[in-house]
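Worksheet for the structure shown next.
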Amino acid sequence: MNKFAQLKIQFQLCDRIPPNDAAGRFNTQKARVRIVGSDSSRAKAPGYKSPKAGQPLKGTPEGGRFEDFAEELSTSFVRVPVADIGSEIDRWIRKIVLSHDLDRGALAEIDSNSERLVVRHSWSRGNLIKLPVGMELAKRAPWFDQCLMDGRTIVFSKVRELMPEFEGDFKTFRRYFPKSNVTVPLRINSVTVAALGFATLRKERSWSPRLIRRFQFVAEVFANALQRRSAGEEIALLRNELAHVSRTAVMGELTASLAHQLNQPMAAILSNAEAIQSILDSDAVDLDELRVAASDIVQDNLRATEIIKSLRAFFRKDHAERVPLELTEVVGEIVRMVRSDALFRKVSLTLEAPRAGAYVAGNRIQLQQAILNLFLNAFDAVSQSGDKREVSASIVADAGRVRIVISDSGKGLEPATLARIFEPFFTTKPSGMGMGLTIARSIVTAHGGRLSARPNPDRGSTFEISLPALSEVRAPEPPQDVNGHA
């Protein structure tokens, strides 16, 4: 019989944890390894008395007050932005390891594809071995993984006291195995979503009940933070899907004008091709005229290609990247896109913008979607007026911000309309969805900007996008020839 089979280990649930000894620690002679059931994880151990309010906690290396620790931990995750939750978890794992004289800490999360616990955050002292990020626990330690998936907290002080069921895990997990360990599952709606573990690698140690409960509290805070991050990611995904649907609807409205834009270069290509045929059929072939006609065909083909490329980019769903953008160029592309629509509606469209220099950090497609929505709304507003149909746009850079101002000569905004204009599903159009301005504002807000609306003093209304300007933009390197000369 091997050493694992000879072990006599007493397993006890949390409500049967043995009394503390004089040092406030578990009696390791009775229960060195404990698998704590999640359903009774809040039950008190016999002989354990909760500390009075304001009383310092004993039995932990730092000897600090749990109230202070809990307040600092909870407050940090309430205030941290969703995008920084991961780095905040890293910070707290390191802080807990150092403050409790431990050697290693790690957090494994359920992978969305494999539905297995995978290490996502890991930290250890100095050159000590840490759990590699990306490691799937079920492959290296299947029994250990199954206990966590079942919602059980695993605690042991000495490796030689592990139960026989762990023999296989010990062989496959030996390189990373600690001398002492506490691992707590993170549960949401009775389902394990992650597991938080702390360990010693240099020496063995025992674990006090209050320290285990402190780790369980940390696990609860981490679980809430992960749930918050997951909700934020789902909201962002839904917002992107809704924005894509909105762009599709907008393109449906622009079908006629886009067809007109494509017809222009295609008609020019046909005309030049017919001219080339006529030249070739003549007795005296003028090579210069052939070159000019061929060059025109190439240029018109490039125009058509650019139109198609802009449409393909506008329909793409991958819009996460943010880069420095020159707003004169960004808005200019939208103006070229809607120019034919303005002609169809008999709208006078003007753009005043600096030649260059108005830079912001953002996603081109998202910002163009917001700007395009404002242009189309302005066209709708002036189309209802019979005489003066004017839409003007301007780009102004001042006081560390860049403003895109779009004004129309329509009937303007009523006070009741102005108060609700950015609300979801509110619309003044007979066939409108009421989501265009809502999506536009969410895009601008996500870029750290503001979208506002106001009536003009005389007639019409003005919508303004204000974005933080980039103070420094790295200029692109000049092109080089084959010899490396600029």
Subset of region 270-286 (residues that are more than 21 Å from Asn301 (Cβ to Cβ) and not charged (D, E, K, R)): Ser282, Ala284, Val285
Tally of residues being buried (at least 17 other Cβ atoms within 10 Å of the Cβ) and of a type outside the set (A, V, I, L, M) across region 408-418: 4
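Just to check your reading of the model, which residue among Ile439, Ile421, Ile465 is buried (at least 19 other Cβ atoms within 10 Å of the Cβ) and either hydroxyl-bearing (Ser, Thr, Tyr) or modelled with pLDDT of 90 or more (or both)?
Numbers: Ile439 fails: either hydroxyl-bearing (Ser, Thr, Tyr) or modelled with pLDDT of 90 or more (or both); Ile421 fails: either hydroxyl-bearing (Ser, Thr, Tyr) or modelled with pLDDT of 90 or more (or both).
One residue alone meets the criteria, Ile465.
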Conditions (1) at pLDDT below 90; (2) under 28 Å from Glu233 (Cβ atoms); (3) touching a Lys or Arg at 6+ places or on another chain (Cβ under 9 Å): number failed by Val80: (3)
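Only residues that are farther than 15 Å from Leu211 by Cα and surrounded by 17 or more Cβ atoms within 10 Å (Cβ to Cβ): list them for region 99-114, please. It would help to see each step written out before you state the result.
Initially, region 99-114 is screened for residues farther than 15 Å from Leu211 by Cα, giving 103-104, 106-114.
Scanning region 99-114 gives Asp103, Arg104, Ala106, Leu107, Ala108, Glu109, Ile110.
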Test: residue in region 381-392 that is charged (D, E, K, R), outside any helix (DSSP H, G or I) and under 14 Å from Ile465 (Cα atoms): no
Pair list, Cβ < 8 Å and 6+ apart or interchain, from region 66-85 residues that are closer than 20 Å to Val97 by Cα to residues that are of a type in the set (A, V, I, L, M, F, W, C) and not in a helix (DSSP H, G or I): Phe66/Leu57; Glu67/Ala53
Qualifying helices (runs of 4 or more DSSP H) (wholly inside region 120-189; at least 3 residues being modelled with pLDDT of 85 or more and either of a type in the set (A, V, I, L, M) or farther than 19 Å from Arg205 by Cα (or both)): 137-140, 142-149
Val402, sole failed condition from (1) free of Cβ contacts under 8 Å to residues at least 24 places away in the same chain; (2) closer than 23 Å to Val323 by Cβ; (3) of a type in the set (A, V, I, L, M): (1)
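The values are calculated or read from the model by the stated rules, or taken from the named source; none is laboratory data. Computed from a predicted model, the values in this text were never measured in an experiment. So basically every Cβ, Gly included, is an ideal-geometry build from the backbone, and we count neighbours across all protein chains shown.
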